[in-house]
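Visitor: Please find one structure pasted underneath; my questions will follow.
The values are calculated or read from the model by the stated rules, or taken from the named source; none is laboratory data. Model, not experiment: these values are computed from the prediction. With ideal geometry, Cβ positions are generated from the backbone for all residues, glycine too; neighbour counts draw on all protein chains shown.
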Amino acid sequence: MTRVEAAQLQQLTASLAASTRDTERARIYLKRALVYVHGDDVRHALRDVRDALRLASSHASILVRAARIFMEAQFPDKAHRVLHLAEQRSPSASEKTLITALRAKLARSLPTRVAALPVELLMHILGYLPTSSLYTCMLVCRSWRTWILQHRPLWHTIAVRAPTAPDAIAARAQYETAAKYLQRGVRHVRHLCLRAPLTDHRRVWSLVAPLRLTTLDISCEYAQASAWFAWACTHASLQSVTLRATPSKGMATHPWLGPPMHACRADARFQHVALHQTPPLAADTITLTACSQLQSLVYDAGESLHSLQEVRARCAVTLVTLWHHVQHTLTSLALRGAALWVGPDPLPLRPTTSLRALQRLCAPFACLGTDAELPDKLIEWETTLPTDPALAERAVALAERCAPTLHTCTFHVSHSAGTPLAERLLSTLTMLGTLQVVVDEAVAPPPLIESYDAARHSALTPATLLRLLTPGCWDARVLCPQLHTLRLVHDTTVRGRELIDLVRVRAARPVCL
């Protein structure tokens, strides 16, 4: 904006403060809006036009002037609407002539790509795009870029990544980037993703305070995780929270051995919570209230095995209490971390805890205990193969209950996993479409030519699973007849011959490896 335009704005603002008549104030608003348009400040121009129409929308002259400003600001659809309203306000002969001239000018001007569609429809279409795709749309032409920057509802998702170099200059640039994009969306921002070091700085709270978020994804230092969780509990509109904590330098203890995360207020009602290497949740009334409508829970403690027994003693009660509290609404549960996956000890679930609402379950089978009611509509299941006979029978019972709906299954294989249990599970899961095998412990590959009896008494390997799935190798049965995808993770036992035989024999139902 030039000095002349700044002086004009100052003069018009002073006149606006001195004027008392609505019609005169509306004309001053329109004059100032025109100056804003010439200075490429469309946001303030639209604000002044809106104020002018609120004061004197019944005057045809005001509507005609507003239409001219809309044409200057490249909003032809708004100009058409205002001219239509002006024709209904009994305009004078000169105003009718001006309306006709403006309509002719609108008809002669070639429509831009943006003006080819109504604003509301175009915003609805572009609203489905991620933020990265908006930049591609901004490259179409200058008018598209201006239009996208002007419409704040499009900037509903803001993600600020971590700087490549963790120094003071990069941290300042990260803060300025976040401030710029949050100012662009303001109250329309619904999804926010921030990374350290911005999330560890005191100034970040002034940025997020006025937002009305529904989704929050934060990566911060371990010491800041409790503050972010407490802030999230006070944000009433928040539905999904993801916290990823980075261990502090020199931290050698398990993440769950730190002070629990408490909330001062429970204004929020979370539906999705994901905690990665954060301090443990507190099983107090406020936290349980905030999680009373929880549908999805991811509880990841990392791979640390420090003080394993103490970790279980301190956190098992909290986890079981939370699980029992949300048993009727929880549909997705993922328990990760070596503190839960290592060792045979089950979680002491209450006999009244029901798992029937679960549709996605990722947990070692020992975590299901022996008393809880099993789910019967699982869609995805990730688990270990238990060695305890009682737990093995419950695993088979769960597979039988969920066989009609279970489509994706992940087995974690270790040296203690047994082949008979794997065979029973595969023969039961008739609707299974995707099978993933994760090798947690290295196992020696079986002999190339191995009898079925020898395989049943040896450690389970992915190579053994492939032979079970290959009709005619040991048995003529077709296990998992709907299987179309097989993934092997961290495996060194499968040979090319076994893969070729599996694909060749099951050619009627191809398997993607």
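Visitor: Just one of Ala422, Ala390, Ala397 is out of contact with any helix residue (DSSP H, G or I) (no Cβ under 9 Å at 6 or more places or on another chain) and either more than 29 Å from Gln295 (Cβ to Cβ) or among the basic types (Lys, Arg) (or both); which is it?
Guide: Ala390
Visitor: Shifting gears a bit: Name the residues in segment 125-144 that are closer than 18 Å to Asp77 by Cα and either modelled with pLDDT under 80 or among the basic types (Lys, Arg) (or both), would you?
Guide: Of everything in segment 125-144, those that are closer than 18 Å to Asp77 by Cα and either modelled with pLDDT under 80 or among the basic types (Lys, Arg) (or both) turn out to be Ser143, Trp144.
Visitor: Separate question: Among all residue pairs at least 6 apart or on different chains, which show Cβ distances below 8 Å where the first residue, located in segment 156-176, is polar (S, T, N, Q) and the second is part of a loop (DSSP other than H, G, I, E, B) and loosely packed, with under 14 Cβ neighbours inside 10 Å?
Guide: Thr157/Pro130
Visitor: Output the number of the condition that Asp41 fails; it satisfies all remaining conditions of (1) in contact with a helix residue (DSSP H, G or I) (Cβ under 8 Å, 6 or more places away or on another chain); (2) surrounded by 15 or more Cβ atoms within 10 Å (Cβ to Cβ).
Guide: Exception for Asp41: condition (1).
Visitor: Scan (1) under 30 Å from Val186 (Cα atoms); (2) in contact with a Lys or Arg (Cβ under 7 Å, 6 or more places away or on another chain); (3) not polar (S, T, N, Q) for the single condition Ala79 breaks and write down its number.
Guide: Tallying (1) under 30 Å from Val186 (Cα atoms); (2) in contact with a Lys or Arg (Cβ under 7 Å, 6 or more places away or on another chain); (3) not polar (S, T, N, Q), Ala79 fails exactly one: (2).
Visitor: Do we find a residue being within 30 Å of Phe75 (Cβ to Cβ), of a type in the set (Gly, Ala, Ser) and not in a helix (DSSP H, G or I) anywhere in segment 156-164?
Guide: Scanning segment 156-164 turns up at least one residue that is within 30 Å of Phe75 (Cβ to Cβ), of a type in the set (Gly, Ala, Ser) and not in a helix (DSSP H, G or I).
Visitor: Now for a different question. Pick from Ser219, Ser206, Ser248: which is touching a residue at least 40 places away in the same chain (Cβ under 8 Å) and among the polar types (S, T, N, Q)?
Guide: Within the list Ser219, Ser206, Ser248, the selection yields Ser219.
Visitor: Can you pull out the residues in segment 340-372 that are at pLDDT 70 or above and more than 21 Å from the chain's Cα centre (by Cα)?
Guide: Leu340, Trp341, Thr353, Ser354, Leu355, Arg356, Ala357, Ala363, Pro364, Phe365, Ala366, Cys367
Visitor: Pull out all pairs, ordered by first then second residue, where Cβ-Cβ is under 6 Å, the residues are six or more apart or on different chains, the first lies in segment 355-367 and is under 11 Å from Leu398 (Cβ atoms), and the second is crowded, with 21+ Cβ neighbours inside 10 Å and modelled with pLDDT under 75.
Guide: What qualifies is Leu355/Ala372.
Visitor: Considering only residues of segment 382-403 that are of a type in the set (S, T, N, Q) and within 13 Å of Ala363 (Cβ to Cβ), which is surrounded by the most Cβ atoms within 10 Å (Cβ to Cβ)?
Guide: Only one residue fits best here, namely Thr384.
Visitor: Within segment 165-196, work out how many residues are modelled with pLDDT of 85 or more, of a type outside the set (A, V, I, L, M) and assigned to a loop (DSSP other than H, G, I, E, B).
Guide: Of the residues in that region, 2 qualify.
Visitor: Got a number for residues in segment 243-272 being within 11 Å of Asp300 (Cα to Cα) and not in a helix (DSSP H, G or I)?
Guide: Number satisfying all stated conditions: 3.
Visitor: Does segment 404-423 hold any residues that are more than 32 Å from the chain's Cα centre (by Cα) and either surrounded by fewer than 17 Cβ atoms within 10 Å (Cβ to Cβ) or not assigned by TED's automatic domain parsing to the domain that holds Thr485 (or both), and which are they?
Guide: Residues satisfying the conditions are His415, Ser416, Pro420.
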